[in-house]
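Can you keep this structure in mind? I'll have questions shortly.
Just so you know, all these numbers are worked out from the coordinates, no wet-lab data involved. Everything numeric in this text was worked out from a predicted model, so none of it was measured. Counting neighbours? That spans all protein chains shown, and the Cβs are built from the backbone with ideal geometry, glycine included.
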Amino acid sequence: MFRYTIDKPEHGSEEWLRVRWADAEGRKRISASVAGAIYNEHPYTSSADLAQELLSQTPPVPQPSTRDMERGNRMEPMLIKWAAESEGIDLVTPEQMYCYEDGTCRMIATLDAIDKDGIPYEVKTSRKRWDGELPRHWYWQGIHQAICAGADRIEWIIFDSSLDMYRHTQHVSSDETNAHIVEVSKFLASIDNLDIPENVIMSLTNVQDMYKKSEPITVEINADDYALVSALADVKAQISALEKQEGELQAKIGMVLQNAEKALYDGTEVVTWKTVQRDTLDTKALGEAHPALVNKFRKITEYRQMKIKRR
């Protein structure tokens, strides 16, 4: 087990994302901001999203900043200064990123500020009112940062919708530290073996993002894999049958309503059948009238389509 620091690239840059994603030897690691995703306790990143990112052959790339991100980035230095002056403490923003390694456990954290005793300070802005309890993804971020910094607590600076600043101390116990190290180790052990971590359920979107483009090659699958293909075929057949049943029921209900736009049962509205309008562009007619204009604004999207073929 050892801790070390590395120089911090520009926050949010491509290089900053790359060093959070993998160490100098190319071994994947987990950053503090997404630590809660391991437990599916992160509002924006699922465990499947995290696994997809770490299993990818290329690091993440910078994305356009949201208004919330921009607000946080602009206010962070002011809030650090406010907290330091109001409490009479010296706070500095580290020029290093803090790393922890123990076997397959590899963590990294970017600290907003740190005091003379090495205690990390984390700054948050929130649209909600602070109720004194850390959201779960903040809680895991704090534990992760404490491990990387070798600290026993995290000091939080929180600016909420009341336009006031609040302070909160998160004490991190050895039990919390050890438990998190175990979970990170298990997650990354699977990633190292190019496997999906246990209890992670990948969505089709996750897999499509991992393997965006098909190649003219063929693979031979085993009996277990074919069982998945057969199960998907059965599900598709059930969906088709249900869609047919849905249409038949809608037709019968339509015959009951006829021109009426709603129906009541025992005085309560239970179904509506209203006339709606949808404004669509007739691209075929536009293309015939102005082909050059259509070609100028044509956008081709590429995706992979999966079709099942029965034996």
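What does the charge count around Tyr226 come to, taking other residues whose C-beta lies under 11 Å from its C-beta (Lys +1, Arg +1, Asp -1, Glu -1)?
Neighbour charge sum, excluding Tyr226 itself: -2.
Another question, if that's okay. Post the alpha-carbon centroid distance, the stretch 1-52 to the stretch 88-123, in whole angstrom.
Each part reduced to its Cα centre gives a spacing of 14 Å.
If you add up the charges near Asp115, with Lys and Arg at +1 and Asp and Glu at -1, over every other residue whose beta carbon is less than 14 angstrom from its beta carbon, what do you get?
Every neighbour counted, the sum reads -4.
Separate question: Span-like helices, the chain: DSSP H, alpha-carbon axial extent 15 Å or more, mean Kyte-Doolittle -1.0 or greater, which ones?
136-149, 174-192, 223-257
So, one more: Taking a label point 7 Å from the Cα of Asn259 along the Cα→Cβ vector, which residues of the stretch 265-297 have an amide N closer than 16 Å to it?
Within reach of a label on Asn259, which here means backbone N under 16 Å from a point 7 Å along Cα→Cβ, the stretch 265-297 contributes 273-275.
Follow-up question, since we're still on this one. Could you order the peptides 84-95, 63-74 from most to least packed, using the average number of other C-beta atoms within 10 Å per residue?
By packing density, highest mean first, the sequence is 84-95, 63-74.
To continue, here is another question. Going by how many other Cβ atoms sit within 10 Å of their own, how do Arg3, Arg278, Arg310 line up, fewest first?
Arranged by neighbour count, lowest to highest, Arg3, Arg278, Arg310 become Arg278, Arg310, Arg3.
Here's a follow-up. Based on the mean of other beta carbon atoms within 10 Å per residue, what is the order of 179-190, 138-149, 227-238, most packed first?
138-149, 179-190, 227-238
Further question on the same structure: Beta carbons within 10 angstrom, averaged per residue: use that to sort the peptides 166-172, 129-135, 299-305, highest first.
Final packing ranking: 166-172, 129-135, 299-305.
A further question follows. Listed here are the pairs Lys212/Lys299; Lys284/Lys307; Lys81/Lys124; which of them are more than 20 Å apart at the Cα?
Over 20 Å Cα-Cα: Lys284/Lys307.
Also, quick follow-up: Amide H neighbours of Val92 under 5 Å, counting only residues 5+ apart in sequence or on other chains, H built in-plane at 1.01 Å?
Close amide H contacts, sequence-distant or interchain: Ile114.
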